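Q: Structure incoming, see below.
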Amino acid sequence: GIQVEQSPPDLILQEGANSTLRCNFSDSVNNLQWFHQNPWGQLINLFYIPSGTKQNGRLSATTVATERYSLLYISSSQTTDSGVYFCAVSSMDSNYQLIWGAGTKLIIKP
Amino acid sequence: DGGITQSPKYLFRKEGQNVTLSCEQNLNHDAMYWYRQDPGQGLRLIYYSQIVNDFQKGDIAEGYSVSREKKESFPLTVTSAQKNPTAFYLCASTTRTGANYGYTFGSGTRLTVV
């Protein structure tokens, strides 16, 4: 089945710094999503981005489907950005159900 | 406000005991999902349901059971056959099945075996 690898596994930054999180996937996908899980466990959708580039405020994402990777950019980090960022993909092989990476744990220090 | 309610937030299970986790949504979503999350790992799909009275096994269904008698409700039972049930359990829903559509998650239930 599809493998999803995220890097780095952990990232510690000072408030105001920029960061880039990477998601590699092993096969063609029809869907790629980025999620944020806050320190209390709540998960929210950030982007649905099977290809191309999207931006939402200080966050943006780019997926290069032909090279099987996606990048999540966080600019001017705030302490509220702390948590775990997950990449999840799906394809016909997964019966269109999401396959999740292990996440990148981000800590923003004040 | 529309959303997903999971209860309880914390649950303790004794060896050999079955427990049921509740998941209720008022979003009028057709599809509902149960995921398991272990420390330092991504989510793994236990069961999902696309319509009432129908559900499918996910990647780790052994030791779990579900029902979908109402559109709003998708309870998960962790049976005594699940040998390592300690984990964080998340319920989610989407407008309809197919992961192209935005997911809404509940706040989760932390299950611990004592």
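The values are calculated or read from the model by the stated rules, or taken from the named source; none is laboratory data. Every value quoted in this text rests on a predicted model; they were computed, and no experiment measured them. Cβ sites come from the backbone with ideal geometry, for glycine too, and all protein chains shown count toward neighbours. Heads up: the accessible areas ignore ligands, DNA and RNA and are worked out on the full protein's heavy atoms, side chains in. Shrake-Rupley method; radii C 1.70, N 1.55, O 1.52, S 1.80 Å.
Q: Criterion first (within 27 Å of B:ARG36 (Cα to Cα) and modelled with pLDDT of 95 or more) does A:ASP93 satisfy it?
A: The answer is no for A:ASP93.
Q: Quick check on segment A:29-47. Is at least one of its residues assigned to a loop (DSSP other than H, G, I, E, B), closer than 26 Å to B:TYR47 by Cβ and in contact with a Cys (Cβ under 8 Å, 6 or more places away or on another chain)?
A: No, every residue in segment A:29-47 fails to be assigned to a loop (DSSP other than H, G, I, E, B), closer than 26 Å to B:TYR47 by Cβ and in contact with a Cys (Cβ under 8 Å, 6 or more places away or on another chain).
Q: Select from segment A:1-28 the residues that are closer than 19 Å to A:SER90 by Cα and at the interface with chain B (Cβ under 10 Å from one of its Cβ atoms) and list them in ascending order.
A: The answer is A:GLY1, A:VAL4, A:GLN6.
Q: How many residues are closer than 16 Å to A:SER90 by Cα and within 13 Å of the chain's Cα centre (by Cα) when one looks only at segment A:47-64?
A: 5
Q: Among the hydroxyl-bearing types (Ser, Thr, Tyr), assigned to a loop (DSSP other than H, G, I, E, B) and at pLDDT 95 or above: does that describe A:SER60?
A: It is false that A:SER60 is among the hydroxyl-bearing types (Ser, Thr, Tyr), assigned to a loop (DSSP other than H, G, I, E, B) and at pLDDT 95 or above.
Q: Based on this model, can you work out whether A:TYR48 counts as on the phi > 0 side of the Ramachandran plot and of a type outside the set (S, T, N, Q)?
A: No, not satisfied.
Q: Could you please find all residues in segment A:64-110 being in a helix (DSSP H, G or I) and hydrophobic (A, V, I, L, M, F, W, C)?
A: Those that are in a helix (DSSP H, G or I) and hydrophobic (A, V, I, L, M, F, W, C): A:ALA65, A:MET92.
Q: Can I ask one more? Would you mind stating whether B:SER65 is more than 21 Å from A:ASN30 (Cα to Cα), part of a strand (DSSP E or B) and out of contact with any helix residue (DSSP H, G or I) (no Cβ under 6 Å at 6 or more places or on another chain)?
A: Against the criterion (more than 21 Å from A:ASN30 (Cα to Cα), part of a strand (DSSP E or B) and out of contact with any helix residue (DSSP H, G or I) (no Cβ under 6 Å at 6 or more places or on another chain)), B:SER65 qualifies.
Q: Within segment B:24-48, can you find the residues that are under 12 Å from B:GLU72 (Cα atoms) and either away from chain A (no Cβ under 14 Å) or surrounded by fewer than 19 Cβ atoms within 10 Å (Cβ to Cβ) (or both)?
A: If the condition is that a residue be under 12 Å from B:GLU72 (Cα atoms) and either away from chain A (no Cβ under 14 Å) or surrounded by fewer than 19 Cβ atoms within 10 Å (Cβ to Cβ) (or both), then B:GLU24, B:GLN25, B:ASN26, B:LEU27, B:ASN28, B:ASP30 are the ones that fit.
Q: In the set A:GLY101, A:GLY83, which member is at positive phi and either of a type in the set (A, V, I, L, M) or touching a residue at least 40 places away in the same chain (Cβ under 8 Å) (or both)?
A: A:GLY83
Q: Check segment A:69-82 and report whether any residue there is within 14 Å of another protein chain (Cβ to nearest Cβ) and either closer than 26 Å to B:TYR33 by Cα or not basic (Lys, Arg) (or both).
A: Among the residues of segment A:69-82, not one is within 14 Å of another protein chain (Cβ to nearest Cβ) and either closer than 26 Å to B:TYR33 by Cα or not basic (Lys, Arg) (or both), which makes the answer no.
Q: Looking only at segment A:48-57, count every residue that is closer than 26 Å to A:GLY16 by Cα and either outside any strand (DSSP E or B) or open to solvent by less than 30 Å² (accessible area, probe 1.4 Å) (or both) and tell me the total.
A: Final tally of qualifying residues: 2.
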